[in-house]
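Participant: The following block contains the structure, expressed as structure tokens.
The values are calculated or read from the model by the stated rules, or taken from the named source; none is laboratory data. Fair warning: this is a prediction, and the values are worked out from it, not measured in the lab. FYI the Cβ positions are ideal-geometry reconstructions off the backbone, even for glycines, and counts take in every protein chain you see.
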Amino acid sequence: MEKVRFKSPRDYSEDVELVGNYWSADSDAGIVMSHGFTGDKREWGYFDLVAEKLNDSGYNVLAFDFGGCGESNDEPIRIDNEVRDLSSAIDYLMDNGIDRVGLYGHSQGGLISLKIHSYDIESIFLTSPVTDNLANYADYSLTEEQREELKQKGHYTKNRDKGVRNEFIVDEEIIEVKESLNQYKILSEVKCPVMIIHGTEDDIVPIASSRRAADMLENGDLKEIDGLTHSYERRREVIAKYASEFFLENLPIQKT
């Protein structure tokens, strides 16, 4: 594995530098991994293990930090910027001679993966993805202090006690998008095979949304994991196995 850096464009500011972990392989197939809200490219070891398993199966794998997360440049977190970031990560793979791409997304990273339409993505693997609107998201997810900061500044500060970054600035756009998602519109544009993994004890993203998503997708499947919460650290070996099997079937390896 090597650490890599690449740029992602912004509308009203300089390009943002993103940092990723890259596992290379002797094949023309690559997988880009997108972390969850205020997560990072390692997802506390969950992404590391999955990436290593996928790399052992023959895939080039890139796991990266969205802008404002992990080791990437500071900036407020926004959905539209994360879509640009994932596009830039795909471009990074293609610039390195990898022209067959699959996507792997966790939680909010799953939503971002489903919003990529300008590339010929061959398959998508999602864990606890955000696919539908989260009604009253701000009311139940923000503290009184965060709501006041949001009102005064148009963003709020979120802190985490683990990972390489402990403070995140979250733009109000995140709330607007999450509270107004149209599940049918998002999923109707996805034509490639999609596998969704979701835990029955997930109290962050309702499993019911993934059940609906699997029915709406043109080529979708759902695997429910009994007792699994929104954290995948304890079941990462099983998830890595499922991911490898899915991609080997839907993004078959061709040696270069």
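Participant: Exactly one of (1) surrounded by 15 or more Cβ atoms within 10 Å (Cβ to Cβ); (2) in a strand (DSSP E or B) is unmet by I204. Its number?
Facilitator: Status for I204: all satisfied but (2).
Results for (1) in a helix (DSSP H, G or I); (2) surrounded by 14 or more Cβ atoms within 10 Å (Cβ to Cβ); (3) more than 18 Å from the chain's Cα centre (by Cα); (4) at pLDDT 95 or above, shown as yes or no for each residue.
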{"residue": "L111", "(1), (2), (3), (4)": "yes, yes, no, yes"}
{"residue": "P129", "(1), (2), (3), (4)": "no, yes, no, yes"}
{"residue": "D132", "(1), (2), (3), (4)": "no, yes, no, yes"}
{"residue": "E145", "(1), (2), (3), (4)": "yes, no, yes, yes"}
{"residue": "K162", "(1), (2), (3), (4)": "no, no, yes, no"}
{"residue": "H198", "(1), (2), (3), (4)": "no, yes, no, yes"}
{"residue": "S210", "(1), (2), (3), (4)": "yes, yes, no, yes"}
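Participant: Is it true that L86 is closer than 22 Å to D203 by Cβ, of a type in the set (A, V, I, L, M) and either without any contact (Cβ under 8 Å) to a residue 40 or more places away in the chain or in contact with a helix residue (DSSP H, G or I) (Cβ under 6 Å, 6 or more places away or on another chain) (or both)? Give the steps one after another, and end with the answer.
Facilitator: Details: closer than 22 Å to D203 by Cβ: no; of a type in the set (A, V, I, L, M): yes; either without any contact (Cβ under 8 Å) to a residue 40 or more places away in the chain or in contact with a helix residue (DSSP H, G or I) (Cβ under 6 Å, 6 or more places away or on another chain) (or both): yes.
Taking the combined requirement at face value, the residue does not satisfy it.
Participant: Need pairs with beta-carbon distance below 8 Å; first residue farther than 11 Å from P76 by Cβ and within the range 139-161, second among the basic types (K, R); sequence gap 6+ or separate chains.
Facilitator: Going by the 8 Å Cβ cut-off, the qualifying pairs are Q146/K158.
Participant: Another question about this same structure. If only one of D95, D132, D80 is farther than 16 Å from V19 by Cβ and without any contact (Cβ under 8 Å) to a residue 60 or more places away in the chain, which one is it?
Facilitator: None of the other options fit; the residue is D95.
Participant: Restricting to the range 101-120, give me the number of residues that are touching a residue at least 60 places away in the same chain (Cβ under 8 Å) and either under 18 Å from A51 (Cβ atoms) or charged (D, E, K, R) (or both).
Facilitator: The total comes to 12.
Participant: Hey, among V238, V194, V205, which residue is closer than 26 Å to L142 by Cβ and touching a residue at least 12 places away in the same chain (Cβ under 8 Å)?
Facilitator: Values: V238 fails: closer than 26 Å to L142 by Cβ; V194 fails: closer than 26 Å to L142 by Cβ.
From the options V238, V194, V205, the qualifying one is V205.
Participant: Would you be able to tell me the number of residues in the range 22-78 that are under 17 Å from the mean Cα position of the chain (by Cα), among the aliphatic types (A, V, I, L, M) and surrounded by fewer than 21 Cβ atoms within 10 Å (Cβ to Cβ)?
Facilitator: Going through the range 22-78 one residue at a time, the tally reaches 1.
Participant: Which of the residues belonging to the range 215-256 are of a type in the set (A, V, I, L, M), surrounded by 19 or more Cβ atoms within 10 Å (Cβ to Cβ) and within 15 Å of P193 (Cβ to Cβ)?
Facilitator: Within the range 215-256, L217, A243, L251 qualify.
Participant: Counting only residues that are under 19 Å from N81 (Cβ atoms) and outside any strand (DSSP E or B), which one in the range 165-175 is nearest to the chain's Cα centre (by Cα)? Please lay out each step first, then the result.
Facilitator: Applying the first criterion (under 19 Å from N81 (Cβ atoms)) to the range 165-175 yields 165, 167-175.
Next cut, outside any strand (DSSP E or B) only: 165, 172-175.
On the way: R165: 17, E172: 19, E173: 17, I174: 14, I175: 17 Å.
Within the range 165-175, the match that is nearest to the chain's Cα centre (by Cα) is I174.
Participant: Right, something else. Select from the range 78-109 the residues that are within 25 Å of S231 (Cβ to Cβ) and either modelled with pLDDT under 95 or among the small types (G, A, S) (or both) and list them in ascending order.
Facilitator: Matches in the range 78-109: A89, G102, G105, S107, G109.
Participant: Can you name every residue in the range 23-47 that is free of Cβ contacts under 8 Å to residues at least 60 places away in the same chain, closer than 25 Å to P76 by Cα and not basic (K, R)?
Facilitator: Answer for the range 23-47, where residues must be free of Cβ contacts under 8 Å to residues at least 60 places away in the same chain, closer than 25 Å to P76 by Cα and not basic (K, R): just F47.
Participant: Select from the range 208-230 the residues that are free of Cβ contacts under 8 Å to residues at least 40 places away in the same chain and hydroxyl-bearing (S, T, Y) and list them in ascending order. Walk me through it before giving the result.
Facilitator: Step one: list which residues in the range 208-230 are free of Cβ contacts under 8 Å to residues at least 40 places away in the same chain, which gives 208, 211, 214-229.
The answer is T229, and nothing else.
Participant: Still on this model: If F247 satisfies all but one of (1) of a type in the set (F, W, Y); (2) modelled with pLDDT of 95 or more; (3) closer than 20 Å to T131 by Cα, what's the number of the condition it fails?
Facilitator: Only one criterion is unmet by F247, namely (3).
Participant: Next question, about the same structure. Out of the residues in the range 212-228 that are part of a loop (DSSP other than H, G, I, E, B) and within 20 Å of the chain's Cα centre (by Cα), which is farthest from A243 (Cα to Cα)?
Facilitator: Per the stated criteria, the residue is L217.
Participant: Name the one entry in F47, F64 that is in contact with a His (Cβ under 7 Å, 6 or more places away or on another chain) and at pLDDT 95 or above.
Facilitator: F47
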